[in-house]
Amino acid sequence: MPVDLRSALFYSRKDIFKNKKIFIFITLSIIFATANIIIINGLTDGMIKDLVDNTIESSSGHLNIYPADNERFIEGIGVKEQKLATMEKVEAYSPRISASGVLSNEELSASIAILALDPDKERRTTKLLDKIIKGLAINSNDKNAILVSYRLAEDLKLDVGDEAELAFENGKVKVYNVKGIIRTGAADFDSSTIIISLNEANQQLAFDNSASVILVKLSDKELADAYMPVIMQSLGVSNVKTWKKEIEYLLSFAGAWQGFSSIISAVGLVAAAISVGIIIYINVIHKNRQIGIMKAIGAKDDFIFTVFLMEAVLFGVIGVSIGDGLGYFAIRYLEEHPLYDAIMQTWIGARFEYYLFYKATIVSFAVTILAGVYPAIKASRVDIIKSIWGT
């Protein structure tokens, strides 16, 4: 048996290198199909991870504490903050107040969402205040300054330094200076939100020791599920959501996008498999006479089958190996040179994981081998008499 394998390998190797154009064509098909799996999946993984991280860093904590059902605010946040400060896995927290109002600039006005926060605590918890595209961030002592989301600023024709009149939900009206314009990439936020300091909101809305939500940042976001009951018990709260729950819509989109990426990879693989199968099959037809002679001098059907299947194996080994290398270097390059997303105000790059190698290698090699099975079977069943006489 070892002799047959060595002989089969010898015939296969000689055969695939005979026509260099065909060899290059098939090998390139396998190379690009294999590299395609690594690159597309690496880009998809990177995009999803960056989008998830950006969403969490901009608008959510790892855990978000909400008021109990049928209540508007979390009461007694001072005590709750003290407890959070002593918890081992909690790195930071940021209370926020949500309210509504109307922002006006001369004849223009719009209904808006008011987000009140403590800038110092917010910076430790999220990167929301890093999303300012013009001007400066507010600080805790700003009594006359606001941040305006960029689409709202466009609609009201506001710019940094302009004054705008803000009517609060309780009827109070005050003129504020636009200190900065912010863009997060979240459509709802960017279209109708202003940010003011928590101290100013408490004064204007007469809130005290209350919050609409408390964002909690953990040492590792993957601890969220396990640490949620600890938070609930320690703080005596009943409505806590993890970051996964908060961005379910984004995770659903991520799953759909991964499915689409798999389809693209599959199309490339099918194209490569068809190329391999057709070329080997044509090779079998053209070599009917040679196959008949080989059988006439004693070659068995299984030997003929092995010869032509070995051609697919050789194509697979060469194409997949080079494709893995090409995919690896492409992903590393995209990791070091991420793309800037102007909408999300963040960098999006690829991610290399070793599973990409395993997936691309196993799938591409298996598909290439399967593509060579039918032509190999066809070759092993060639009739000696018909093949030699060409009938």
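Throughout, read-outs are computed from the coordinates displayed, never taken from laboratory work. Please read these numbers as outputs of a predicted model, since none were measured by experiment. Don't worry about glycine lacking a Cβ; one is built from the backbone with ideal geometry, like all the others, and counts go over all protein chains shown.
Provide the gained length on full extension for the span Thr86 to Lys300, in nm with one decimal, where the gain is 0.36 nm per separating residue minus the Cα-Cα distance.
Additional length available on full extension: 69.2 nm.
Each part gets one Cα centre, and for segment 306-324 versus segment 20-52 those centres are 17 Å apart. Computed from Cα positions, the angle between helix 301-336 and the longest principal axis of the chain comes to roughly 30 degrees. Taking the Cα of Lys174, stepping 7 Å toward and past its beta carbon, and measuring to each backbone N in segment 181-223: which are under 17 Å? Within reach of a label on Lys174: 194-210. When the chymotrypsin sites (Phe, Trp or Tyr not before Pro) in segment 238-305 are filtered for DSSP coil states and for at most 16 other beta-carbon atoms within 10 Å of their beta-carbon, no site remains. Listed cross-link partners Lys131/Lys359; Lys89/Lys359; Lys134/Lys221; Lys143/Lys221; Lys127/Lys172 are compared with a 32 Å cut-off, the Cα-Cα value being larger for Lys131/Lys359; Lys89/Lys359; Lys143/Lys221. Distance between the C-alpha centres of segment 238-287 and segment 106-143: 41 Å, rounded to the whole angstrom.
Taking Cα atoms only, the orientation of helix 2-16 departs from the longest principal axis of the chain by about 80 degrees.
Between Ile318 and Ile263, what is 0.36 nm times their sequence separation minus the Cα-Cα distance? Round to one decimal in nm. Write down the numbers at each step before the final one.
On the way: separation 55, 0.36 × 55 = 19.80 nm, distance 2.42 nm.
Value of the extension gain: 17.4 nm.
In plain terms, the bigger the Kirkwood radius, the slower the diffusion; for the chain, with that radius from Cα pairs, at 10 °C and 1.306 mPa s, Stokes-Einstein puts D at 62 µm²/s. Simple rule: put +1 on each Lys or Arg Cβ and -1 on each Asp or Glu Cβ in the chain, find the dipole, and look at Leu43, Ala379, Ser98; the Cα lying farthest toward the positive end is Ala379. Note on Asp130 and Val270: their simple-model spin labels are 4.2 nm apart, each label 7 Å out from Cα toward Cβ.
From the Cα gyration tensor of segment 150-241, with a ≥ b ≥ c the square roots of its eigenvalues, which class applies: rounded if a/c is under 1.5, or else prolate if a/b is larger than b/c, or else oblate?
Numbers: a/c = 3.21, a/b = 1.73, b/c = 1.86.
Oblate shape, in that a/c is at least 1.5 and b/c is the bigger or equal ratio.
Approximating the spin labels as points 7 Å out from Cα along Cα→Cβ, the Ala187-to-Glu222 distance works out to 3.3 nm.
Can you tell me the length gained on complete extension of the stretch Glu353 to Val79, counting 0.36 nm per residue apart and subtracting the Cα distance? Write out the running numbers ahead of the final one.
Details: separation 274, 0.36 × 274 = 98.64 nm, distance 4.34 nm.
Difference between extended and current length: 94.3 nm.
Taking a ≥ b ≥ c as the square roots of the eigenvalues of the Cα gyration tensor of segment 27-177, is the shape rounded (a/c under 1.5), prolate (a/b larger than b/c) or oblate? Here segment 27-177 falls in the oblate category.
Each DSSP beta bridge with both residues in segment 66-241 is either parallel or antiparallel, and the antiparallel ones are about 75%.
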